[in-house]
Amino acid sequence: WEEFRAACDIVFQKRDEQKREFKDVVGKSVAEARRLLAELEALHTLDESAFSEARKQFSDLQRDFRQALDSRVKKERQELLNQFNDSVRKIDARFKRLPDRKVLQLRNNLAQRAEYCARLESQLLACSDDAAIANVLSQLDPAEWEALPLSGNSAYDSAIESRFNTLRTATTLNAINSLADDCTDEARNLCVSLEIRANVNSPSGDQALRLQIQLSQLQSGFGKGLHSNEDNLKFARDMELRFLCLGPIEASMRENLAQRVTNAVNRIG
């Protein structure tokens, strides 16, 4: 009997070890699969420029997920596969809607001029008096601005040129601050309009503005019919480029508004 019980203990111990090993393998597999799913979701939130460069990463994540999902995973398997397939379909669809190289080049060129303006605006907004503003403007080199590439779109090029020229002629602290207030209001309007189209919530501080814009759209008859995906995407890209042409805007405010634009564009895209 003692020999029999000892043999049974060995069998049960081995069985328990196998169960623990199985649970460990399955647990690690599920955890790794969920981590890769989170990376796939994060991929979809990238801005359009970064997203366009992420095809290899997308392919690698798909491969890694399939390898990570152990065949012994049963309980969570269908849930994980459903999430994976949904993410893949969503990302595939966004890749298909990416703009062509001509549009990307337009955006990159416009962004170079926008960044130049942003650097100048940062210096001007940091000034404490008119003398400091005059000093910053005296160091401007028009040739440096002219050397920056044009986008090739007359409307956007005109808008960014206007942004730069307005800065050059704003020679007082009051003028700079007034411009910043006006541009911030215009950018907030742009953000809210884009969030309405993307069906994305606006911050609580902009709810009154959102209601005002929605009421105006109803009164004008805008939006009575459903917009196609193509129309929404075209609208989103236009608003994104128009946002680049706006300034001066205080740096932290611009960062906040830019993130809202990106979120809404990604939702539409």
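The values are calculated or read from the model by the stated rules, or taken from the named source; none is laboratory data. On a predicted model such as this, the values are computed, not experimentally measured, just so you know. Please note: Cβ atoms are built from the backbone with ideal geometry, for glycine as well, and neighbour counts cover all protein chains shown. For accessibility, only protein heavy atoms count, side chains too; no ligands or nucleic acids. Shrake-Rupley method; radii C 1.70, N 1.55, O 1.52, S 1.80 Å.
See the values below:
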{"quantity": "Cα gyration tensor, the range 69-119 - rounded (a/c under 1.5), prolate or oblate", "calculated": "prolate"}
{"quantity": "Surface/4 estimate of mean projected area, convex hull on alpha-carbon atoms of the range 73-229, nm²", "calculated": "15.3 nm²"}
{"quantity": "Cross-link pairs beyond the 19 Å C-alpha cut-off, checked among 96/234; 28/75; 14/74; 28/56; 28/90; 28/74", "calculated": "14/74; 28/56; 28/90"}
{"quantity": "Diffusion coefficient, µm² s⁻¹, Stokes-Einstein with Kirkwood Rh over alpha-carbon pairs of the range 152-269 at 4 °C and 1.567 mPa s", "calculated": "85 µm²/s"}
{"quantity": "Fraction of accessible area attributable to carbon and sulfur, the range 229-269 (%, probe 1.4 Å)", "calculated": "46 percent"}
{"quantity": "Quotient of Cα Rg and 2.2 N^0.38 Å for the chain, N being how many residues it contains", "calculated": "1.48"}
{"quantity": "Rounded, prolate or oblate (a/c below 1.5 giving rounded, otherwise prolate when a/b exceeds b/c) for the range 137-187 by Cα gyration tensor", "calculated": "oblate"}
{"quantity": "Protection-proxy order for peptides 188-194, 43-49, each taking the mean of Cβ atoms within 10 Å per residue, highest first", "calculated": "188-194, 43-49"}
{"quantity": "Carbon and sulfur %, accessible surface of the range 1-150 computed with the full protein complex present, 1.4 Å", "calculated": "51 percent"}
{"quantity": "Base-10 log of normalised Debye intensity for the range 1-106 (one unit scatterer per alpha-carbon) at q = 0.21, 0.24 Å⁻¹", "calculated": "-1.04, -1.21"}
